[in-house]
Amino acid sequence: MSSRQDDAPRQVAAVCYRRMPQGPIFLLVKTYDGKFPKGQIDPGMTEVEAAENEAYEEAGATGALETEPFAEYWNVKGNGKNGGGPEIGVNAFLLAVESARPPQEPWRDPEWFEPQ
């Protein structure tokens, strides 16, 4: 992952999707503005394992996860919409959802959305 700061905190995201006849749909979880499941890379875990874990914990989703990130983005960690915290580099992995059940974090309230 390229870096704005070599020592910036790192996280991973699972971009959960399903292919439908009308096009792809994406599974977002409840935050202040709706996001893909995202979180820390726990010690001893690879980025791929961490992304799978976040998808399961926050969205209840399992499936085929790409082994390489397809994108990198920067997120400002902070309190709600105000941000103000440190920049965090996020590697995003595609996850083709094969099954979805209620998440371990029930307040996340996952919901499917079309791209627009």
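The values are calculated or read from the model by the stated rules, or taken from the named source; none is laboratory data. From a predicted model like this one, the values you see are computed outputs, not experimental measurements. Don't worry about glycine lacking a Cβ; one is built from the backbone with ideal geometry, like all the others, and counts go over all protein chains shown. When the accessible area is computed, the model is the full protein with side chains, heavy atoms only, and any ligands, DNA or RNA have been set aside. Shrake-Rupley method; radii C 1.70, N 1.55, O 1.52, S 1.80 Å.
Distant-in-sequence amide contacts of K30, defined by a placed amide H-H separation under 5 Å and a gap of 5 or more residues or a different chain, comprise D109. Rolling a 1.4 Å probe across all protein chains gives D109 an accessible area of roughly 80 Å². Take E49: with every protein chain present and a 1.4 Å probe, its accessible area is about 80 Å². Each of E87, E105 has its accessible area taken with a 1.4 Å probe; listed largest first, they run E87, E105.
Our estimate of slack between E49 and F26, defined as 0.36 nm per intervening residue step minus the Cα-Cα distance, is 6.3 nm. Each Lys or Arg adds one and each Asp or Glu takes one away; over the other residues whose Cβ falls under 10 Å from the Cβ of G63, this sums to -1.
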